[in-house]
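Down below is the structure, laid out as structure tokens.
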Amino acid sequence: MGGITLRELLREEISRVWDIDRGEVIENVYHLVNGTLVLRPQYEEMIGWPYGEAKKYTPILLDCFDSAGWFYGVFDEGLLVGAAILEGRFIGSRNDRLQLKFLHVSRSYRGQGLGAKLFELAKATARERGARWLYISATPSENTINFYMRLGCTIASEPDPELFLLEPEDIHLDLEI
């Protein structure tokens, strides 16, 4: 591993998030059943991003950037290997939540604390911006949910209706900050 650097992403670098290798082998996924997380076997090999994902979501990310979103990257000698994106618009019935819109670390860079570092930076930024809560709509894979739970997240006390409609199979989490 070369020289790892962390810094804010520029608007023109946003499309580079699709260079992150999100691949992983998923063996189990969580389901929310009557307010309780239930782990069930479900094997899937994630290789790259789903077809059309970059084309669909790049305009959404650009809009997020233009609406005071926060974009932070981890670079290894110029290669983007991890990123966190914090939505700039508040959500929730009390307008006191900011969504962690994106957090990915390339497969070969996981297990080194980079995801936790990005999460802590996003949490601190959300707090600085006046949020009381960090909201996460997370892929239900066992590794993803366990990662967020280790960082103190819990099942969302108040799932965001709009985000829940967009991702009903995600596990909606939050963290008081």
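The table below gives the values:
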| item | result |
| --- | --- |
| Which numbered condition residue 99 fails, given (1) touching a Leu at 6+ places or on another chain (Cβ under 9 Å); (2) not in a strand (DSSP E or B) | (2) |
| Near pairs, Cβ below 9 angstrom, 6+ apart or cross-chain, from the range 48-65 (over 15 Å from residue 19 (Cβ atoms) and touching a residue at least 24 places away in the same chain (Cβ under 8 Å)) to any residue that is among the hydrophobic types (A, V, I, L, M, F, W, C) and part of a loop (DSSP other than H, G, I, E, B) | 65/9 |
| Test: residue 145 is surrounded by 21 or more Cβ atoms within 10 Å (Cβ to Cβ), closer than 27 Å to residue 43 by Cβ and either in contact with a helix residue (DSSP H, G or I) (Cβ under 9 Å, 6 or more places away or on another chain) or of a type outside the set (A, V, I, L, M, F, W, C) (or both) | no |
| Residue 111 surrounded by fewer than 17 Cβ atoms within 10 Å (Cβ to Cβ), assigned to a loop (DSSP other than H, G, I, E, B) and in contact (Cβ under 8 Å) with a residue 24 or more places away in the chain | no |
| Neighbours by Cβ (under 9 Å, 6+ apart or cross-chain): first from the range 74-99, under 18 Å from residue 119 (Cα atoms) and touching a residue at least 60 places away in the same chain (Cβ under 8 Å); second surrounded by 24 or more Cβ atoms within 10 Å (Cβ to Cβ) and among the hydroxyl-bearing types (Ser, Thr, Tyr) | 97/135; 99/135 |
| Test: residue in the range 20-33 that is free of Cβ contacts under 8 Å to residues at least 12 places away in the same chain and not in a loop (DSSP other than H, G, I, E, B) | yes |
| Filtered residues of the range 56-114 (kept if of a type in the set (Asp, Glu) and either over 30 Å from residue 25 (Cβ atoms) or more than 17 Å from the chain's Cα centre (by Cα) (or both)) | 63, 66, 76, 77, 96 |
| Test: residue 85 is in contact with a His (Cβ under 6 Å, 6 or more places away or on another chain), on the phi < 0 side of the Ramachandran plot and surrounded by 14 or more Cβ atoms within 10 Å (Cβ to Cβ) | no |
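No value in this document is a laboratory result; all are computed from the given coordinates. As the structure is a computational prediction, the values presented were derived from the model and not from experiment. Cβ: placed from backbone, ideal geometry, glycine included. Neighbour counts: every protein chain shown.
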